[in-house]
Amino acid sequence: MGGNQSVPKITKQDRAILDLKLQRDKVKQYQKRIQGILDREHEIAKQHLAVGQKDRAIFALRKRKYQESLLAKTDGQLENLEKLVSTIEFSLVEVSIMHGLQQGNEVLKEIHKEMNIEAVEKLLEETAEAREYQREIDDMLANTLSADDEEAVQNELRQLQEEAFVTEAPIRMELPSVPTERPVSKVEEGREEERIPDPEQRERVPVLA
């Protein structure tokens, strides 16, 4: 399966951009190395001055100045490389856009060939003829049917509309009714029984003279 995968084709433009970017990276590495030399020569000059070796300090500063001039030159070269890379990449984008516009124009030309003025006029004429034919059929049916038949048609239409309305109406779910009386628990039933005296017990109560 891996052998069937298509490998992207590398063009000359891609190789040129890649080479320029490699050169740019090399210049950046060179600048980094020069910056290290500048820092080192600065420290050397400070050390020589600390021990009173003024001549050696001046020599270190001159070497540092020379490295600074090289760094300035590399800045210009790096700027030119970056501009060149950006210009090539933008030019490739413009070429891609031009190819897309050309393809779009070709497609539009083909569409215009298929939809010429004659074809459009013919289509409009056929559409107008179809509408006229439908109108003639409607008039013929309206003149052929009697008043009773037309009324029957209207009644059937209303019946179909009512059936469609019933079919589309939402189904209402009937919920159980809510009880109005509060349910009595078993504990409350026992308390009620305790409150109601037994008839026999009421009769046994002695009557005071």
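The values are calculated or read from the model by the stated rules, or taken from the named source; none is laboratory data. Since the model is a prediction, treat every value here as computed from it, not as a measurement. Cβ atoms come from the backbone with ideal geometry, glycine included; neighbour counts cover every protein chain shown.
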From the options 21, 83, 9, residue that is modelled with pLDDT under 85 and of a type in the set (D, E, K, R): 9
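So that you can scan it fast, the table gives a plain yes or no per residue for (1) within 56 Å of the chain's Cα centre (by Cα); (2) at positive phi; (3) loosely packed, with under 11 Cβ neighbours inside 10 Å:
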site	(1), (2), (3)
28	yes, no, no
37	yes, no, no
50	no, no, yes
57	no, no, no
64	yes, no, no
Number of the condition not met by residue 88 [criteria: (1) surrounded by 12 or more Cβ atoms within 10 Å (Cβ to Cβ); (2) not assigned by TED's automatic domain parsing to the domain that holds residue 20]: (2)
